[in-house]
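The values are calculated or read from the model by the stated rules, or taken from the named source; none is laboratory data. Nothing here was measured: the structure is a model prediction, and the numbers come from that model. Here the Cβ is made from the backbone with ideal geometry for all residues, glycine too, and neighbour counts use every protein chain on show. To get the accessible areas, we keep the full protein, side chains included, count just its heavy atoms, and leave off ligands, DNA and RNA. Shrake-Rupley method; radii C 1.70, N 1.55, O 1.52, S 1.80 Å.
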Amino acid sequence: MSTFDPKPVTLELGNVRLVPMRPDHRDGLLEASRSPEIWVHMPVPQPRDIEDIEKFIGGALVAQDAGAQVPFVIEVAGKVAGTTRYMEIRRLDFRMEIGWTWLAREHWRTAVNTTCKFLLVRHAFETLGALRVELKTDALNTRSRIAIERIGAKPEGILRSYQHVYTGRQRDTAMFAFIASEWPAAKAALMTKLGITE
């Protein structure tokens, strides 16, 4: 079997680009993070200033250097719109998670998030050879749970008392996943949803 080793890469479709995260993305990410609504279900607080966003970027890049994550910045029409990443990378198991995704409020209820997920999942299965791609969200985040199911990931249940949140709450987490055998059907549905052909 081939190796499974996710690395930084640029992925793009239409006006949406996923580019490897860099320190000089700090101003754009801080601006994109301004809406408090983004952070309601996140396990960490909203960044307040450049120092906070630098810590956020620094932590992601340390994890990348350790081989544990591959963080991306989401650009829409050349402007920073948010971030996402491959994480929980399990090379021996050919699986990983897509997470830490957030978008500027202006891009909610648009095709941007669906496009990002399509690019990341397609790359995972078709280029990297993944066997499983996971997504998870706060069990209380109904909007996110609906969005994840809408892109074709299958619900796998609730992980109780899974994660500590900065507010002191111990959150339950809703788990979803794609597996390789399901990807062709999910891909076809996503392509129809996004109006793309290959």
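Residues are listed down the side, and each one gets a yes or a no for (1) more than 21 Å from K117 (Cα to Cα); (2) surrounded by fewer than 19 Cβ atoms within 10 Å (Cβ to Cβ); (3) under 18 Å from the mean Cα position of the chain (by Cα):
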{"site": "P8", "(1), (2), (3)": "no, yes, yes"}
{"site": "R17", "(1), (2), (3)": "no, no, yes"}
{"site": "V62", "(1), (2), (3)": "yes, yes, yes"}
{"site": "A66", "(1), (2), (3)": "yes, yes, no"}
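Give region 31-54 a look and list any residue that's among the aliphatic types (A, V, I, L, M), open to solvent by 20 Å² or more (accessible area, probe 1.4 Å) and under 17 Å from the mean Cα position of the chain (by Cα), or say none.
First, the residues of region 31-54 that are among the aliphatic types (A, V, I, L, M): 32, 38, 40, 42, 44, 50, 53.
Now narrow it down to the ones that are open to solvent by 20 Å² or more (accessible area, probe 1.4 Å): 40, 42, 44, 50.
Of everything in region 31-54, those that are among the aliphatic types (A, V, I, L, M), open to solvent by 20 Å² or more (accessible area, probe 1.4 Å) and under 17 Å from the mean Cα position of the chain (by Cα) turn out to be V40, M42, V44.
Look through G99, G28, G58 and report the one residue that is without any contact (Cβ under 8 Å) to a residue 40 or more places away in the chain and over 15 Å from the mean Cα position of the chain (by Cα).
That would be G58, the only listed residue that is without any contact (Cβ under 8 Å) to a residue 40 or more places away in the chain and over 15 Å from the mean Cα position of the chain (by Cα).
Testing T114 on (1) within 22 Å of V76 (Cβ to Cβ); (2) surrounded by 13 or more Cβ atoms within 10 Å (Cβ to Cβ); (3) at pLDDT below 95, one condition comes back false. Which one is that?
Condition (3) is where T114 drops out.
Every residue in region 152-190 that is surrounded by fewer than 19 Cβ atoms within 10 Å (Cβ to Cβ), closer than 20 Å to I38 by Cα and either out of contact with any His (no Cβ under 9 Å at 6 or more places or on another chain) or without any contact (Cβ under 8 Å) to a residue 40 or more places away in the chain (or both), please.
Within region 152-190, Q163, H164, Y166, T167, G168, R169, Q170, D172, T173 qualify.
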